């Protein structure tokens, strides 16, 4: 291939003996995502180079997972990991789950899981400990270039996503094989992927994309308590143009950072680090209302990355919000934590055409 490509992870959600045999002839590993009951029929697939991954069943709707404490995640994980080990003779290092919270990420990391495949939107990242340091557990959610569902004739999309993955710094591209004819997939691998030097990896073999340590070297700033942030949030949640300063003399940049940290993990106080405002005014796409779960997930994903400057846009679920819009929905969720869906207001920065947009800095 002329351009570098991210490796593929072939996820099989069911046992397909013909496909597994074809992959073995080419020395291509698959990641079989199975429940403990399904894994009993996997035979010696794990001994033939394939990965056996646990399909973790929570048994509750994704929105209810927000309230799950660490011990609930650990109890569920221990039970299903043990059942899987009894069925296969090996402990899985990869787990697939429909939705996941930061608490769930930490719990699975503590149980020895190294890779988590999450079937909800987000960006690849490492699970973090309570003190903000990184674990070695890689979380791979869904996304435009992070997961391709093979349905019908969508194979060209795989190479496209893999090429974009390198530019976006993605450690791998998940390829979910769903009712794809074996001969079609194998022909594509032979003719378009392997011939051009493309790589296929097991999910547990994808190296953690450790963030640049320098990016985490931030200077601690002022301490802001929860009550002070909520006062600022109330002003923003009221609608209208964003003010230059907020209660407690908080700047918009400080408030954005503080609310993001607060929504990412419940706490009584946040410590703000040095942070620059958005570089320019992004164009609004007039988004539809967003779910509280998606807003919290975006805050979890974004908070470790707020070390240099606030991004101009933020992905929230399947939508893209401007920084000002995301600040407004974070404020509304902070003020109304029981809300399930949040309207995205029309939001203007104090100086939309000036550098920094009038947001101020976090020092």
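No value in this document is a laboratory result; all are computed from the given coordinates. Predicted model, so just to flag it, every value in this text is computed and none were measured. Glycine also receives a Cβ, built like all others from the backbone with ideal geometry; neighbour counts cover every protein chain displayed.
Remarks
- Inter-centroid distance (Cα atoms) of region 112-138 relative to region 238-276, Å: 25 Å
- To the nearest ten degrees, helix 70-88 and the longest principal axis of the Cα atoms of the chain are 10 degrees apart.
- On Cα atoms only, tilt of 252-264 relative to the major axis of the chain in degrees: 40 degrees
- Note on 134, 353: ascending count of other Cβ atoms within 10 Å places them as 353, 134, the fewest first.
- Using alpha-carbon coordinates, inclination of helix 323-335 to the longest axis of the chain, degrees: 80 degrees
- Comparing 72, 120, 291 in a Gaussian network model of the chain, where Cα atoms under 10 Å apart are tied by springs, the biggest mean-square fluctuation is seen for 72.
- Per-residue ellipticity at 222 nm from helix content only, as computed over the chain with -39500 (n - 2.57) for each DSSP H run of at least four residues, stands at -9500 deg cm²/dmol.
- Normalised contact order of the chain, rounded percent, pairs of Cα under 8 Å and 6 or more residues apart: 16 percent
- The chain: antiparallel DSSP beta bridges as a percent of all, rounded to 5: 35 percent
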